[in-house]
Amino acid sequence: MAELKKRTYTSAFEGQRTLGRLLAPEGFTWEIELPIKSRDVPLILHISCNAILTSFIAYIAQQILQQLQLDFVILGGPENCCGSIHKNLGDSDLQEEVATKSLLGFRRAHPKTVLSICPDCDHVFAKYRIPDQGFRHANISALLVEHIDALREKMRPVNRRVVIHRHDVDELRMGDANRIEMLLNAIPGLKILPAKYAHPASIHCHTVHPMAPEDQARMFSEARELGADALVVPYHSCYRQHVKMQLKYGIETQHYFGLLAMSLGISFEEPFKQLRLLDNIDSVMSALHPKIKSMGYEEEVVKSYVERSIFC
């Protein structure tokens with residue numbers, strides 16, 4: 001693969017917008033901005049910039065919130081960035097400004113709660129909480145646990161053996177890990193296997209500072225030895241890094257929302273995984289060609305985004 005050009009804001013944000021549209025579930029959409037005089041909504045589901053690449057997770061979240069009969073809007077995209085990308089691109093001084101603008105945008109709808117599906121958003125929005133914020137910002141696992149009894153009544157068995165990939169190096173991540181394990185334990189038929197090497201000492205896995213290859217290999221080797229069907233991850237970033245390991249170890253990487261969806265009878269597809277497991281850029285481009293053509297994108301431009309974001 002040819003060496004990629006230096007990442008820029010254009011390539012980062014446009015790549016997300018483009019692949020986000022190409023990989024989104026049929027009919028799944030999100031708002032990029034709330035009107036100045038928008039209606040009050042008790043709940044905002046926030047999709048971070050990078051989470052758009054795995055929007056099936058947000059789609060499942062949407063379906064679960066609808067099953068719970070909650071009133072919400074979905075807001076996301078680069079227009080609602082927490083500022084992590086700016087920091088990753090070397091502009092740390094912009095992070096607070098970007099995060100503050102997004103928080104002010106959330107406040108416009110007078111929500112009671114803003115839900116995140118991204119660990120970076122959790123950290124950054126907690127760090128730059130605005131005065132008189134007026135709403136709780138929480139990882140979506142917190143709300144699901146609050147409704148766990150209602151969810152349990154709807155659950156049906158999922159007969160799979162899994163290893164849980166945990167990040168628990170600080171209070172935020174420990175809270176997520178414990179809540180996710182609580183949700184998975186509520187699923188009938190699911191067997192959680194004891195594993196020693198699935199708990200990396202980091203906030204999350206991602207492409208900027210990925211889990212070391214030797215640690216990744218040890219984690220999947222152990223999962224295979226335990227007879228696991230899947231490694232269950234807490235975050236979209238972990239999902240994107242580890243999904244390719246199925247090619248070598250035969251162990252599926254599954255976001256915990258996928259297992260919740262199976263148990264709650266929610267149909268879903270995983271286009272990011274399906275494309276990455278093709279393990280060939282040309283095959284991916286062929287699979288995407290009909291959508292690329294219908295949406296009016298340029299093949300070579302999309303190919304550069306695929307190389308950077310799917311084959312990372």
- request: Confirm whether L45 is buried (at least 21 other Cβ atoms within 10 Å of the Cβ), touching a Leu at 6+ places or on another chain (Cβ under 6 Å), closer than 25 Å to V124 by Cβ and modelled with pLDDT of 85 or more.
  value: yes
- prompt: Out of all the residues in the stretch 105-143, which are among the basic types (K, R) and touching a Phe, Trp or Tyr at 6+ places or on another chain (Cβ under 8 Å)?
  reply: R107, K112
task: Read through the list (1) part of a loop (DSSP other than H, G, I, E, B); (2) among the hydrophobic types (A, V, I, L, M, F, W, C); (3) under 21 Å from N185 (Cβ atoms), then give the number of the only condition that M211 fails.
output: (3)
- prompt: Tally time: how many residues in the stretch 81-102 are part of a helix (DSSP H, G or I) and touching an Asp or Glu at 6+ places or on another chain (Cβ under 8 Å)?
  reply: 1
- request: Please enumerate the residues belonging to the stretch 23-42 that are polar (S, T, N, Q) and at pLDDT below 85.
  value: S38
query: Is there any pair with a first residue in the stretch 220-240 that is assigned to a strand (DSSP E or B) and a second that is among the small types (G, A, S) whose Cβ atoms are under 6 Å apart and which are 6 or more apart or on different chains, and what are they?
result: L231/A223
statement: In the stretch 157-179, residues that are modelled with pLDDT under 95 and part of a loop (DSSP other than H, G, I, E, B) total 5
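Yes or no: G20 surrounded by 15 or more Cβ atoms within 10 Å (Cβ to Cβ), closer than 30 Å to M285 by Cβ and at pLDDT 90 or above? Steps first, answer last, please.
Values: surrounded by 15 or more Cβ atoms within 10 Å (Cβ to Cβ): yes; closer than 30 Å to M285 by Cβ: yes; at pLDDT 90 or above: yes.
In short, yes.
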- prompt: For S283, all conditions in the list (1) in contact (Cβ under 8 Å) with a residue 12 or more places away in the chain; (2) out of contact with any strand residue (DSSP E or B) (no Cβ under 6 Å at 6 or more places or on another chain) hold save one; what is the number of the exception?
  reply: (1)
query: How many residues does the stretch 141-167 contain that are in contact with a Gly (Cβ under 9 Å, 6 or more places away or on another chain) and either small (G, A, S) or surrounded by fewer than 17 Cβ atoms within 10 Å (Cβ to Cβ) (or both)?
result: 7
message: Please verify whether K244 is in contact with a Lys or Arg (Cβ under 6 Å, 6 or more places away or on another chain), assigned to a helix (DSSP H, G or I) and charged (D, E, K, R), treating the condition exactly as stated.
response: yes
- request: Can you tell me which residue within the stretch 131-170, out of those that are touching a residue at least 40 places away in the same chain (Cβ under 8 Å) and basic (K, R), is farthest from S267 (Cα to Cα)?
  value: R166
message: Considering only residues that are surrounded by 23 or more Cβ atoms within 10 Å (Cβ to Cβ) and more than 18 Å from L277 (Cβ to Cβ), which ones fall in the stretch 206-236?
response: M219, P234, Y235
Selected residue (criterion: modelled with the lowest pLDDT) from residues of the stretch 115-156 that are touching a Cys at 6+ places or on another chain (Cβ under 9 Å) and outside any helix (DSSP H, G or I): C118
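The values are calculated or read from the model by the stated rules, or taken from the named source; none is laboratory data. Fair warning: this is a prediction, and the values are worked out from it, not measured in the lab. Methodologically, a virtual Cβ is constructed for each residue, glycine included, from the backbone with ideal geometry; neighbour enumeration extends over all protein chains shown.
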